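Single-structure report; data block below.
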Amino acid sequence: MKILLVSYYPLPYTGGVWTFVSSLQNSLNNLGHTVHILSQTPDLNKYRIIGQKPEIEIDDLSPYIEEKLATELPSLPMKSWIYNTELFRYSLELSAAYYNLKQYDLIHALDVTAANAINRVKTSHIPLVTSALGNLSRDIFFTLKTMYPHKTDEQIEATFEYQYHQIIEKLGYQASDFIHSPTKWMYHNIVDNFSISSNKIVTFPYGINNQNFLVDSSEKPLIGPKQRKKIILYMGRLVYLKGVQHLLDALALLKEDRQDWECWILGEGEIKGELEKQCTNLGLKDNVRFLGVSNNVLHFLREADIFVHPSIHDTQPYSVMEAQLMGLPVLISNTAGLPEMVEVGRSGLVSSVGNIYELCEQLRYLLANDFLRKQLASCTKEWAKDKWDLNRMVTNFLSLYEQAKRLHKEDEEK
């Protein structure tokens, strides 16, 4: 089978999406399939099939797209958020049209915006599968929440930006023959909020190559465990919806009665400066280290004792999966798909979103009980090895692809 994976967003890019995409591509290639990836370049200047020439310069396409936008959407301000989104979306369409899409047996969109674009230019005989890797409109909601903190939730949902992305999300689902949902929560979100037939949605979790974690976790720690403070680790983007601000408030409470810990924050993002200022105001400058982005997350996971993911909204982050495979007890919030990632008391603990007192108590509990913390870590690793099995994910995708091809062929023959 010849498969095209398509992303509206740049790839490769540090984070879970690239881990998922590269693992899927490598696994399918190893099984004898041919898999190409069409995406934006990390510098945001081109669309291309990774590893192939030519690359399509967005600047070369811009004059034609801008002329079309000026005609069809004359009231849309140039270089505004939605204007740029439209520019990139049409650039993806034109880039995809340049390549010979007829050569593919199936196209797998990695986001709803890509599904929209590809559906407009692909030939009718090619089935389209879309992965709901995230909840676009909710992500936009929390971005707007950061930009306009004075606005109510209702005011944000009434904005043009939010309404636009909600429509894009619905159209992407409608364009797809099948939709892959990684969690039951996302399945219900698509059905309930976008009126998509449940028959179009197949639910199964991501997978991850656990061999890297099994080898790395057996290595000797770089920091002697007896001579150091316990490490609390967060890995992810530093944006409002990840809830790091709540983690810092919980740490300020924790510091009142325990000094035997240090928190490492691995990541970058638009609110990093605010978080650093928050640390200063809370008296946490000596307790929290901002470590930026790293290509070697296994090193930090190996050194950590507790992993925290206090997100306000998240589907199924790879960072939690990686922490579990490394044998770390994970503390997550009870939002969206996160509760499906743990078996409470065996592979993690769950606190209410934004409840800094619950989170602080869980941290205090694990720091004070070495035996229970290590027991939880051991159970977590065994649980995760089965839950996040890469081969099972690949088998599920192949089954989904065959189902999409079969259904698409039946529809064409009617």
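The values are calculated or read from the model by the stated rules, or taken from the named source; none is laboratory data. Remember, predicted model here, so these are calculated numbers, not experimental data. Neighbour counts are summed over all protein chains in view; Cβ atoms, including those assigned to glycine, are modelled from backbone coordinates with ideal geometry.
May I ask you to list the residues in the range 27-61 that are surrounded by fewer than 14 Cβ atoms within 10 Å (Cβ to Cβ) and of a type in the set (Gly, Ala, Ser)? Within the range 27-61, 32, 51 meet the criteria. Which of the following residues is surrounded by fewer than 24 Cβ atoms within 10 Å (Cβ to Cβ), among the β-branched types (Val, Ile, Thr), modelled with pLDDT of 95 or more and not in a loop (DSSP other than H, G, I, E, B): 350, 320? The match here is 350.
Kindly list, by first and then second residue, each pair from a residue in the range 47-70 that is charged (D, E, K, R) to a residue that is outside any loop (DSSP other than H, G, I, E, B), limited to pairs with Cβ atoms under 7 Å and residues at least 6 apart or on different chains. That search, which allows pairs on different chains as well, returns 48/56; 55/46; 55/48; 57/46. Residues in the range 168-194 that are of a type in the set (Ser, Thr, Tyr) and more than 18 Å from the chain's Cα centre (by Cα): 176 alone. Just to verify a result, which residue in the range 373-388, among those that are touching a Leu at 6+ places or on another chain (Cβ under 7 Å) and more than 22 Å from residue 183 (Cα to Cα), is surrounded by the most Cβ atoms within 10 Å (Cβ to Cβ)? Across the range 373-388, the extreme among qualifying residues is 377.
Scan the range 277-299 for residues that are surrounded by 19 or more Cβ atoms within 10 Å (Cβ to Cβ) and in a helix (DSSP H, G or I) and the total you get is 2. Applying the criterion of at least 1 residues that are within 26 Å of residue 47 (Cα to Cα) and either aromatic (Phe, Trp, Tyr) or at pLDDT below 90 (or both) to the strands (runs of 3 or more DSSP E) found wholly in the range 117-232 leaves 178-181. Which ones in the range 12-26 are within 13 Å of the chain's Cα centre (by Cα), more than 11 Å from residue 110 (Cα to Cα) and of a type outside the set (Ser, Thr, Tyr)? Listed by number, the residues that qualify are 15, 16.
Residues in the range 240-266 that are farther than 12 Å from residue 310 by Cα, assigned to a loop (DSSP other than H, G, I, E, B) and out of contact with any Leu (no Cβ under 9 Å at 6 or more places or on another chain): 256, 257, 259.
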